[in-house]
Amino acid sequence: MRLDYLTIFPDFFAPLELSLPGKAAASGLLDLGVHDLRQWAHDRHRTVDDTPYGGGAGMVMKPEPWGEALAEVVRPGSTVVFTTPSGERFDQRLAEELSTREHLVFACGRYEGIDQRVIDHAREIAEVREISLGDYVLNGGEVAALAVTEAVVRLLPGFMGNAASLVEESHAAESGGLLEYPVYTKPRSWEGRDVPDVLLSGDHGAIARWRRAEAVRRTAQRRPDLLSPSVLDDGTPIVRAVPGDAGELLTLQRACWVQEAVANDMLAIPALHESLDDVRAWLGEWDTYVVRRAGRLVAAVRGRLEGEAGDTWDIGRIMVAPDLQGSGLGRVLLDHIQAVAPPAATSYVLFTGAASARNQRMYKKAGFRLRPDLPAPPGAVVLTKRRGR
Ligand code: ADE
């Protein structure tokens with residue numbers, strides 16, 4: 001594989017000589033080229049940026065040096081990777097895909113980004129990927145290019161000493177995309193902490209089962225978004241809400257709680273009065289799931305751990321668009337939110353209107369019990385259920 005880097009900070013790539021890619025280069029597996037973009041800037045100051053058309057803060061990278069650089073470095077079969085916070089999110093699947101390419105050209109932007117025409121032009125002469133390391137902003141694309149390089153290069157055949165460790169590690173497609181299980185080495189006991197007995201048992205079946213269970217437990221706790229989504233009978237997935245869902249959630253919430261207000265003859269229901277900012281705020285504090293049909297957000301539910309011991313899974317905001325109520329969607333969401341409760345949850349709690357007969361029927365059918373002994377807001381009742389193990 002050949003790797004080229006276009007940057008105004010070539011020194012950033014000195015670590016490539018030290019680390020895994022350096023070793024691969026020494027063994028002939030990799031061919032590396034680092035290029036200072038300023039060599040293609042021809043004015044006295046070797047200028048690579050200018051002010052943005054349309055105004056706004058910061059500077060934009062000029063197209064001419066990039067055009068010349070790409071003309072020199074790109075060849076048939078190249079993939080040009082623009083590292084940018086507005087790109088597709090980098091993950092192991094993308095690393096695996098890039099590891100199949102013959103030639104990667106990393107174009108590292110700085111400032112407010114690169115003139116869009118450069119990217120449009122690159123698409124005409126090569127495959128182009130715009131890649132982001134994650135939802136945060138770095139000062140430039142160099143660190144991202146290094147991270148992508150390391151993730152890709154270690155997947156090249158013949159690169160890692162132990163190919164099996166590639167299969168087992170976190171995020172590998174072969175391990176079902178789960179996080180890796182915890183690992184231990186000698187000594188058997190350290191500072192009063194012992195290695196789990198099962199790992200010393202010599203029972204390979206038991207060890208494999210324990211590792212799988214630990215991988216699932218860790219993933220459910222730290223990255224529930226990586227677990228396969230639940231699906232409705234017709235295959236529609238139940239997916240995690242994203243911040244961009246706030247507007248539709250607000251609309252759905254208003255529609256559903258107007259009905260609640262009418263059924264309970266009261267307007268003092270928090271869900272009815274929340275603003276868009278309120279919904280955005282709670283989206284950050286609750287695990288929220290949504291269902292979309294034909295692009296439209298039609299149902300949602302949220303849950304979070306509460307209680308002094310943090311062992312009660314508080315379920316709320318089960319909402320189904322008025323035209324789809326009675327179709328069983330609410331019950332499916334109720335089952336889903338119980339299933340994704342973290343391992344710490346030993347019981348479930350939810351609130352509903354004292355006069356919301358239909359909701360109460362559904363909750364009772366699902367095993368919840370009315371708890372008049374527990375405090376509830378005015379006009380509401382509380383229902384709980386123990387978590388089955
Ligand atoms: N350049 C600046 N921020 C970045 C990010 N998050 N990912 C990739 N390139 C970047």
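The values are calculated or read from the model by the stated rules, or taken from the named source; none is laboratory data. No experiment lies behind these values; they were computed from the predicted model shown. Here the Cβ is made from the backbone with ideal geometry for all residues, glycine too, and neighbour counts use every protein chain on show.
At-a-glance table
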{"item": "Verdict on A147 being more than 9 Å from the ligand (Cβ to nearest atom) and either of a type in the set (A, V, I, L, M) or at pLDDT below 95 (or both)", "result": "no"}
{"item": "Residues of the range 347-365 satisfying the condition of being part of a helix (DSSP H, G or I) and under 17 Å from P322 (Cβ atoms)", "result": "A357, R358, N359, M362"}
{"item": "Single condition A213 does not satisfy, out of (1) within 29 Å of Q360 (Cα to Cα); (2) out of contact with any His (no Cβ under 8 Å at 6 or more places or on another chain)", "result": "(1)"}
{"item": "Evaluation of A220 against (1) within 30 Å of S327 (Cβ to Cβ); (2) outside the structural domain of L297 (by TED's automatic domain parsing); (3) at pLDDT 95 or above (one fails), failing number", "result": "(3)"}
{"item": "Entirely in the range 248-332, the strands (runs of 3 or more DSSP E) that have 1 or more residues that are over 30 Å from P343 (Cβ atoms)", "result": "287-293, 296-306"}
{"item": "Residues of the range 111-144 satisfying the condition of being within 10 Å of the ligand (Cβ to nearest atom) and out of contact with any Gly (no Cβ under 8 Å at 6 or more places or on another chain)", "result": "G113, L133, G134, D135, Y136, V137, L138, N139, E142, V143, A144"}
{"item": "Near pairs, Cβ below 7 angstrom, 6+ apart or cross-chain, from the range 349-368 (in contact (Cβ under 8 Å) with a residue 12 or more places away in the chain) to any residue that is among the charged types (D, E, K, R) and buried (at least 17 other Cβ atoms within 10 Å of the Cβ)", "result": "V349/D314; G353/E260; S356/E260; G367/K385; F368/K385"}
